[in-house]
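Readers should treat all values here as calculations from the given coordinates under stated rules, not as data from a laboratory. Note that the coordinates shown come from a computational prediction; the quantities given were computed from them, not determined experimentally. Reconstructed Cβ throughout: ideal geometry from the backbone, glycine too, with neighbour counts over all protein chains shown.
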Amino acid sequence: MKIAIYNARRYDKQYFDSFNRQFDHELHYIDTHLDSDTLILSDGAEAICVFVNDPVQRPLLEKMRNQGVKMLALRSAGFNHVDIRAANELGIVVANVPGYSPYAVAEHAVAMILCLVRRLLRAHARVHEGNFSLEGLMGFDLHDKTVGIVGTGKIGTVFAHIMHGFGCRLLGVDPVESRTCRDLGMHYVSMETLCRQSDIISLHCPLVPSTKHLINDDTIAEMRDGVCLINTSRGAIIDTAAIIRALKRGKIGYLGLDVYEEEEDLFFEDHSNSVLNDDVFARLLTFNNVLITGHQAYFTREAVTNIARTTLANVTEFEQTGSCANQLVAPK
Ligand code: NAD
């Protein structure tokens with residue numbers, strides 16, 4: 001099948017080309033974002049492949065259908081950037097890559113915690129300047145601390161395992177409880193209790209209407225003073241304006257973000273030669289207890305391997321059977 005791969009980076013080409021030897025699809029790489037102006041670049045392709053920073057809403061899906069596109073292959077697990085209902089109605093099959101490496105994201109969340117609570121970036125910069133003072137570098141032990149995990153699916157469960165290894169007490173919020181997490185000693189509680197009792201809170205739920213701005217002025221008010229908050233899930237789960245207010249008054253002690261509400265126009269590109277126009281993001285960068293990475297939690301060799309292989313396998317399955325096990329269907 002001819003597949004148009006939008007927003008293709010050097011590493012995408014490398015991994016997709018390597019695995020395509022098994023699948024033998026016709027891959028057509030396109031450097032730009034997918035939108036109604038660039039759709040024409042994929043003329044003749046029956047499948048279009050996009051990443052998380054390409055929003056695909058109904059008007060674009062209608063144009064895709066009119067151009068003969070039959071499948072939208074997401075090279076991501078998250079699918080909040082696609083109107084699944086519209087795609088279903090228009091007969092375009094959408095498939096994702098679930099659980100390509102929960103370890104990649106969970107380990108990144110842990111890396112952020114250690115980097116923040118042991119103040120590693122500050123320490124590193126100091127040592128390079130010949131400053132070996134320990135003033136301001138005091139950390140805390142993870143052992144015996146309470147970790148609240150919002151969303152105990154694939155990533156949240158791996159994260160729970162790792163934090164259990166540090167000797168942490170585990171609290172969870174999830175409408176679907178994980179037996180594995182329970183076996184680790186996790187207590188499922190309300191969001192309010194999780195906020196009140198956790199020293200560290202890590203977000204691993206999807207972005208859906210009910211989780212948009214789940215972290216807001218009210219939930220922050222319930223949290224412990226100096227809490228460590230980590231978001232490797234989706235930016236809009238946090239109300240960024242509220243988090244900045246909380247950072248200014250010291251309520252949030254440490255903040256690790258791999259995702260950001262307005263990341264679409266910012267992340268995955270080199271903006272180092274232009275002026276940063278996002279004042280909210282600029283304010284976040286001024287806090288020395290905030291660590292930001294540009295949606296790289298998933299970015300390990302193992303995860304990128306699984307993404308390329310499963311995306312191509314999804315297209316093959318659709319080509320051969322007309323459907324796909326990883327097909328996404330909007331809830332009724
Ligand atoms: P998953 O589907 O296995 O787990 C999500 C869990 O969240 C489920 O158990 C679900 O019941 C729970 N959940 C749903 N609504 C909830 C709510 N209101 N409150 C609490 N829990 C709720 O998904 P996963 O593979 O663990 O991925 C989780 C999220 O991580 C994805 O949705 C995606 O947004 C994000 N992600 C980020 C990256 C990255 O690079 N930063 C990479 C992959 C995934």
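Data table
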read-out: Selection within segment 64-74 - over 15 Å from Gln327 (Cβ atoms) and touching a Ser or Thr at 6+ places or on another chain (Cβ under 6 Å); value: none
read-out: Selected residue [charged (D, E, K, R), on the phi < 0 side of the Ramachandran plot, assigned to a loop (DSSP other than H, G, I, E, B) and within 15 Å of the ligand (Cβ to nearest atom)] from Glu261, Glu269; value: Glu261
read-out: Subset of segment 1-34 (residues that are more than 28 Å from Gly322 (Cβ to Cβ) and not polar (S, T, N, Q)); value: Arg9, Arg10, Tyr11, Lys13, Asp31, His33
read-out: Near pairs, Cβ below 6 angstrom, 6+ apart or cross-chain, from segment 99-116 (touching a residue at least 40 places away in the same chain (Cβ under 8 Å)) to any residue that is within 8 Å of the ligand (Cβ to nearest atom) and polar (S, T, N, Q); value: Val105/Thr232; His108/Thr232; Ala109/Thr232
read-out: Filtered residues of segment 195-226 (kept if in contact with a Phe, Trp or Tyr (Cβ under 9 Å, 6 or more places away or on another chain) and within 23 Å of His161 (Cα to Cα)); value: Asp199, Ile200, Ser202, His204, Pro206
read-out: Number of the exception - Arg224 against (1) of a type in the set (D, E, K, R); (2) in a loop (DSSP other than H, G, I, E, B); (3) out of contact with any Ser or Thr (no Cβ under 9 Å at 6 or more places or on another chain); value: (3)
read-out: Of the criteria (1) within 16 Å of the ligand (Cβ to nearest atom); (2) outside any helix (DSSP H, G or I), which one Asn277 fails; value: (1)
read-out: Test: Ile201 is closer than 22 Å to Asn288 by Cβ and in contact with a strand residue (DSSP E or B) (Cβ under 9 Å, 6 or more places away or on another chain); value: yes
read-out: Pair list, Cβ < 6 Å and 6+ apart or interchain, from segment 290-303 residues that are under 13 Å from Leu266 (Cβ atoms) to residues that are among the aliphatic types (A, V, I, L, M) and near the ligand (Cβ under 7 Å from one of its atoms); value: His295/Val259
read-out: Test set (1) touching a residue at least 40 places away in the same chain (Cβ under 8 Å); (2) within 16 Å of the ligand (Cβ to nearest atom) - Ile244 fails condition number; value: (2)
read-out: Long-range neighbours under 8 Å by Cβ, at least six apart or interchain, first residue free of Cβ contacts under 8 Å to residues at least 40 places away in the same chain within segment 117-137, second of a type in the set (Gly, Ala, Ser) and loosely packed, with under 10 Cβ neighbours inside 10 Å; value: Arg126/Ser133
read-out: Residue count, segment 42-59 (criterion: on the phi < 0 side of the Ramachandran plot and surrounded by fewer than 20 Cβ atoms within 10 Å (Cβ to Cβ)); value: 7
read-out: Criterion (in contact (Cβ under 8 Å) with a residue 60 or more places away in the chain and either touching a helix residue (DSSP H, G or I) at 6+ places or on another chain (Cβ under 7 Å) or near the ligand (Cβ under 10 Å from one of its atoms) (or both)) met by exactly one of Leu184, Leu207, Leu194, Leu203; value: Leu207
read-out: Candidate set from segment 171-209 (those that are crowded, with 16+ Cβ neighbours inside 10 Å and of a type in the set (S, T, N, Q)); member that is farthest from Val117 (Cα to Cα); value: Ser178
read-out: Where Phe281 falls short, out of the listed (1) in contact with a Lys or Arg (Cβ under 6 Å, 6 or more places away or on another chain); (2) surrounded by 15 or more Cβ atoms within 10 Å (Cβ to Cβ); value: (1)
read-out: Residue tally, condition touching a Leu at 6+ places or on another chain (Cβ under 6 Å) and outside any strand (DSSP E or B), over segment 2-15; value: 1
read-out: Tally, over segment 210-225, of residues that are in contact (Cβ under 8 Å) with a residue 24 or more places away in the chain, surrounded by fewer than 16 Cβ atoms within 10 Å (Cβ to Cβ) and within 12 Å of the ligand (Cβ to nearest atom); value: 1
